[in-house]
Every structure is written in C-alpha cells, then in structure tokens.
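As structure tokens, the structure follows; a few thoughts come after it.
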Amino acid sequence: MHKVFGIKEDVKYLDREGAYIIPIKDGKIGVVKTPKGYFLLGGGIDKGESHEQAIRRECLEEAVYGVNIRALICSAETYAKHPTLGYFHPIQVYYSGDLLEWIQAPIESDHEFMWVDLDEIRGKMFTKMQDWAIEQYLKTI
C-alpha cells in the first residue's frame, strides 16, 4: 500500500528516499524522540545503500541496536515546504522488524530511543505519514 500526502506544486522538489522499521514488543513501539518530536527508527538512504543497509545503519546511530527486518508494510511520500530545505519530497518505505542486541553507545546525542505504549504514541509522530504507517502496520497484527 502507498499513500501520497500534501499537494505537489509546479516547482523543483528535493527528493529524499528513506527506509524505516516499526518494532513492536509487548504492546509498545520503539521510537526515537528528538527536539523536533517522535520519529520511527530509520532515515535517508545513502548512495549505494539498500533499504536494509540504511535501516541497520540508522538503528545503530539512533538506537544502538541491531535489527531483524521482517517484511515490507507500506510506503508513503509527502510534498511539503521545509523551513530550511525548501520544497521537500521525502519518500519513505516502512518495514516490520525486531530490535536485537544493544551494540554500542549512541552516536546521535540528541536522539533518545524509547519504548512507548501504542495508545500513547498514536497520532503523535512528527510526520503524518509515519502516523499513517504505524496504523497500516497495526492492521496486519
């Protein structure tokens, strides 16, 4: 399933592909809290990286856990105007999976990994498309 958010204007957008994991354990979801708000684990795909490689790298940077990626859930994209990037077009792919062993000290000091009750996080992600992705996943479990 794929969903488009926002309205595409007739301007040049900065496209950014990203891959994310939605780990759920004991009724809680693993998310990252930053000064901006809550985000799923994952991020932009670097040149030459696969979705799996990007998720593994981002999980080490943000949550310091290894991961087991299970299945593709959905994808989404947004057309928006970012305060510093200008017209921004993030394209995100979401996977189910598990967090494994703790590996190292955090790399991104302003990112705090936490397990949050599903009922508490619903509708509170920084982006609408990540809220939507969580709801899509919950429909499958």
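Miscellaneous remarks
- Scanning segment 20-36 for residues that are within 12 Å of the chain's Cα centre (by Cα) and farther than 12 Å from GLY97 by Cα yields VAL31, VAL32, LYS33.
- Residue identified as under 20 Å from MET1 (Cα atoms) and either touching a residue at least 12 places away in the same chain (Cβ under 8 Å) or over 15 Å from the mean Cα position of the chain (by Cα) (or both) among ALA133, ALA54, ALA80, ALA63: ALA133
- Considering segment 1-93, the qualifying strands (runs of 3 or more DSSP E), each wholly inside and each with 2 or more residues that are hydrophobic (A, V, I, L, M, F, W, C), run over 2-5, 14-25, 28-33, 38-44, 65-78.
- When the test is whether a residue is on the phi > 0 side of the Ramachandran plot, buried (at least 16 other Cβ atoms within 10 Å of the Cβ) and in contact with a strand residue (DSSP E or B) (Cβ under 7 Å, 6 or more places away or on another chain), VAL93 does not pass it.
- Contacts under 7 angstrom Cβ, first residue in segment 1-19 being over 17 Å from GLY86 (Cβ atoms), partner open to solvent by 80 Å² or more (accessible area, probe 1.4 Å), 6 or more apart: PHE5/LYS128
The values are calculated or read from the model by the stated rules, or taken from the named source; none is laboratory data. All figures in this text were calculated on a predicted structure; none of them were measured in a lab. Don't worry about glycine lacking a Cβ; one is built from the backbone with ideal geometry, like all the others, and counts go over all protein chains shown. With ligands, DNA and RNA removed, areas are computed over all heavy atoms of the protein, side chains included. Shrake-Rupley method; radii C 1.70, N 1.55, O 1.52, S 1.80 Å.
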